[in-house]
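The values are calculated or read from the model by the stated rules, or taken from the named source; none is laboratory data. Note that this is a predicted model, so its numbers are computed, not measured. Heads up, the Cβs are rebuilt from the backbone with ideal geometry, glycines too, and the neighbour counts pull from every protein chain shown. All accessible areas refer to the heavy atoms of the entire protein, side chains included, with ligands and DNA or RNA removed. Shrake-Rupley method; radii C 1.70, N 1.55, O 1.52, S 1.80 Å.
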Amino acid sequence: GAVVSQHPSWVICKSGTSVKIECRSLDFQATTMFWYRQFPKQSLMLMATSNEGSKATYEQGVEKDKFLINHASLTLSTLTVTSAHPEDSSFYICSATIYSQLNTEAFFGQGTRLTVV
Amino acid sequence: KNQVEQSPQSLIILEGKNCTLQCNYTVSPFSNLRWYKQDTGRGPVSLTIMTFSENTKSNGRYTATLDADTKQSSLHITASQLSDSASYICVVSAGDSNYQLIWGAGTKLIIKP
């Protein structure tokens, strides 16, 4: 089946630095990718929709200047957490969706555990 | 308002036993319903996906049912194994142009030996 690869799987960074997370669709082209954040014991929360070749669409309450999304190709979307702070520590997950006339199927990356110290 | 509610919030059962997880939704227009398994610290993995016309779908020891009239779904796990310990999330896709995914809060399942 379709595979979405996310890198890195975990990262520890100092407060004030920036961290880039990559999300790749390995065997299909994804014009749209999604970025989620998950806090402990909570479900996934959609942060933004990443569109290839255009600006991302951010959910209400998500700072677009803090969470920079770039979707430069049909197989790669990146999320950069700028000037990270301890409250940004979370589990970040990307997904890509295959659309068809009959159905849609979402595939998820392995997730990235970000810890800001 | 589009919503997905799951019950129970958490469940502990003994290895080898069966269990059923519930999902109620109010999503319109409805496109499909998915069940995901999420291990701690990992991304969700798809178990089943069902469209409006499908009543049941199986994936090994996992069997999902869908009642589109009552807007309810269940995930039945038979002969549970220790590796089944995870969160199980019900996700409903809205049939609009954005293919919005509406996420349930998940059921935390713990299998004890």
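Averaging Cα coordinates gives a centre for the range A:1-72 and one for the range B:52-113; these two points are 25 Å apart.
The heavy atoms of B:CYS19 present about 10 square angstrom of accessible area, all protein chains included, probe 1.4 Å.
Shielding by partners for peptide A:36-43, expressed as the average number of C-beta atoms from other protein chains within 10 Å of each residue's C-beta, is 4. Under the convention that each Lys and Arg Cβ holds +1 and each Asp and Glu Cβ holds -1, the size of the dipole of the range A:38-91 around its Cα centre is about 80 debye.
Dimensions of the protein assembly as shown along the principal axes, based on C-alpha atoms and rounded to the nearest Å, stand at 48, 42, 34, largest first. For the range A:1-104, the list of GluC sites (Glu not before Pro) that fall in a loop by DSSP and count at most 15 other C-beta atoms within 10 angstrom reads A:GLU59, A:GLU63. With equal scatterers on the alpha carbons only and no solvent term, can you work out the Debye log10 of I(q)/I(0) for the range A:35-89 at 0.21, 0.23, 0.25 1/Å? Reported log10 I(q)/I(0), two decimals: -0.82, -0.95, -1.07. For chain A, taking a cut-off of 4.7 Å between Cβ atoms, the unpaired cysteines are A:CYS13. Each of A:ARG37, B:ARG34, B:ARG42 has its accessible area taken with a 1.4 Å probe; listed largest first, they run B:ARG42, A:ARG37, B:ARG34.
Could you tell me what a quarter of the Cα convex hull surface of chain A works out to, in nm² with one decimal place? Averaged projected area of chain A's Cα convex hull equals 7.4 nm². Once the gyration tensor of the Cα atoms in chain B is diagonalised, the equivalent ellipsoid follows with semi-axes of 24, 14, 12 Å, ordered largest first. Taking a 21 Å limit on the Cα-Cα distance, which of the listed pairs B:LYS17/B:LYS71; A:LYS55/B:LYS37; A:LYS41/B:LYS37; A:LYS20/A:LYS64 fall beyond it? In this structure, B:LYS17/B:LYS71; A:LYS55/B:LYS37 exceed 21 Å between Cα atoms. For the peptides B:87-93, B:43-49, the ranking by packing is B:87-93, B:43-49, with the highest mean count of neighbouring Cβ atoms within 10 Å listed first. A cut-off of 5 Å between modelled amide H atoms, ignoring neighbours fewer than 5 places along the same chain, links A:THR75 with A:ALA30.
Give me the percent of accessible area attributable to carbon and sulfur for chain B, probe 1.4 angstrom.
48 percent
So, by mean Cβ neighbours within 10 angstrom, what's the order for A:105-116, B:71-82 with the highest one leading?
Taking the mean over residues of other Cβ atoms within 10 Å, the ranking is A:105-116, B:71-82.
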